[in-house]
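Before any comments, here is the structure.
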Ligand SMILES: NC(=O)c1ccc[n+]([C@@H]2O[C@H](COP(=O)([O-])OP(=O)(O)OC[C@H]3O[C@@H](n4cnc5c(N)ncnc54)[C@H](OP(=O)(O)O)[C@@H]3O)[C@@H](O)[C@H]2O)c1
């Protein structure tokens, strides 16, 4: 199958290029196709004539988005809409990624797919607008919402905690926000299993996260405990959100229910701790 993948220098794009190696892959960087240029997106798709489009590229700078909302909406709403239109024109599937940030985090339990959205900031609003734009276009479209993505590349909480635990003796991490840490490798492995099953009866929105959930503090404890035996974990302190102010408010509860995707595509997921061990093992 000829698969066009955007954002291959990003966390998810990078893992997809490795996991889907047996397919004919067209991996696009920002230099190959700038997602702010809608005509270029159309031309690149026309040129390559793929059998499937996967779009992990996105504007992902949550706080910076407050200062450049137009750019965030161009990349997160307008670009995926054009991809969905092209996919419909060629009658091919389109897999797009979305986020836990479409919700405000006030719910007590895990979020299911058809819950009303209430994004807290520009990034979440732009991703939410992308989901809506794609659904308006219709066709063989799949919106996979994930959360707390980490990997051995790029900028993410996992690499930040590893680095800070080397640089500092004491660390403070927020303990009153919960979610599901999701590795780029986990995402790519599940996409590989889903691809052969794509058909007009299973299009729609899905939550793609491993089993289990935790706070940022618990996630940090697992990361440091398994990667830096020199750091004294009693010097890792749990703090409240108000003690670590950010420009954009984060959802307190980011936990996404993965029941639907497991049922529809007959998948078995590991828990997030096992996925973390896998990422740590791959680096060593
Ligand atoms: N990271 C998370 O915690 C998280 C959580 C929930 C959902 N998600 C969603 O999951 C998906 C994958 O996220 P990720 O963590 O893999 O993102 P990432 O590592 O930030 O990668 C995003 C990629 O998009 C590319 N990109 C940005 N602007 C572009 C433009 N104008 N033209 C072309 N490419 C552009 C970037 O290119 P450069 O490398 O050139 O900058 C980068 O390679 C996204 O849809 C994201 O919204 C992420």
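The values are calculated or read from the model by the stated rules, or taken from the named source; none is laboratory data. Keep in mind the model is a prediction, meaning the values are calculated, not measured. Cβ coordinates were reconstructed from backbone atoms using ideal geometry, including for glycine residues, and neighbour counts include every protein chain displayed.
Side notes on the structure shown:
- Filter result (part of a helix (DSSP H, G or I), under 30 Å from residue 144 (Cβ atoms) and at pLDDT below 95) within the range 215-257: 241
- The single condition from (1) more than 10 Å from the ligand (Cβ to nearest atom); (2) within 17 Å of the chain's Cα centre (by Cα); (3) crowded, with 20+ Cβ neighbours inside 10 Å that residue 152 fails is (3).
- Residue that is surrounded by the most Cβ atoms within 10 Å (Cβ to Cβ) [pool: residues in the range 110-129 that are free of Cβ contacts under 8 Å to residues at least 60 places away in the same chain and either away from the ligand (no atom under 13 Å from the Cβ) or on the phi > 0 side of the Ramachandran plot (or both)]: 117
- Enumeration of residues in the range 1-37 that are buried (at least 22 other Cβ atoms within 10 Å of the Cβ) and not in a loop (DSSP other than H, G, I, E, B): 3, 4, 5, 11, 12, 13, 14, 15, 16
- Hey, residue 151 touching a residue at least 12 places away in the same chain (Cβ under 8 Å) and closer than 18 Å to residue 262 by Cβ or not: no
- Scanning the range 38-63 for residues that are outside any loop (DSSP other than H, G, I, E, B) and touching a residue at least 40 places away in the same chain (Cβ under 8 Å) gives 38, 41, 42, 44, 45, 46, 48, 52, 53, 54, 55.
- Cβ-Cβ contacts under 6 Å between residues 6 or more apart (or on different chains), taken from a first residue in the range 65-83 that is free of Cβ contacts under 8 Å to residues at least 24 places away in the same chain to a second residue that is in a helix (DSSP H, G or I), are absent.
- Number of the exception - residue 170 against (1) touching a helix residue (DSSP H, G or I) at 6+ places or on another chain (Cβ under 7 Å); (2) surrounded by fewer than 19 Cβ atoms within 10 Å (Cβ to Cβ); (3) closer than 25 Å to residue 54 by Cα: (3)
- The residues of the range 64-105 that are more than 10 Å from the ligand (Cβ to nearest atom), farther than 18 Å from residue 45 by Cβ and not in a loop (DSSP other than H, G, I, E, B), listed by number, are 64, 65, 66, 69, 70, 73.
- Flag if residue 102 is closer than 27 Å to residue 185 by Cα, under 19 Å from the mean Cα position of the chain (by Cα) and at pLDDT below 95: no
- Residue match in the range 52-63 (condition: modelled with pLDDT of 95 or more, farther than 30 Å from residue 249 by Cα, more than 12 Å from the ligand (Cβ to nearest atom) and surrounded by 14 or more Cβ atoms within 10 Å (Cβ to Cβ)): yes
- Selection over the range 1-25 of residues that are within 14 Å of the ligand (Cβ to nearest atom) and in contact with a helix residue (DSSP H, G or I) (Cβ under 8 Å, 6 or more places away or on another chain) gives a count of 12.
- Some residue of the range 180-195 being within 25 Å of residue 132 (Cβ to Cβ), within 16 Å of the ligand (Cβ to nearest atom) and in a loop (DSSP other than H, G, I, E, B): yes
- Entry remark, the range 258-284: residues being within 18 Å of the chain's Cα centre (by Cα) and either more than 15 Å from residue 185 (Cα to Cα) or in a loop (DSSP other than H, G, I, E, B) (or both) number 7 in total.
- Here residue 154 meets the list (1) at pLDDT 95 or above; (2) closer than 23 Å to residue 7 by Cα almost entirely, failing just condition (1).
- Test set (1) within 13 Å of the ligand (Cβ to nearest atom); (2) under 23 Å from residue 9 (Cβ atoms) - residue 207 fails condition number: (2)
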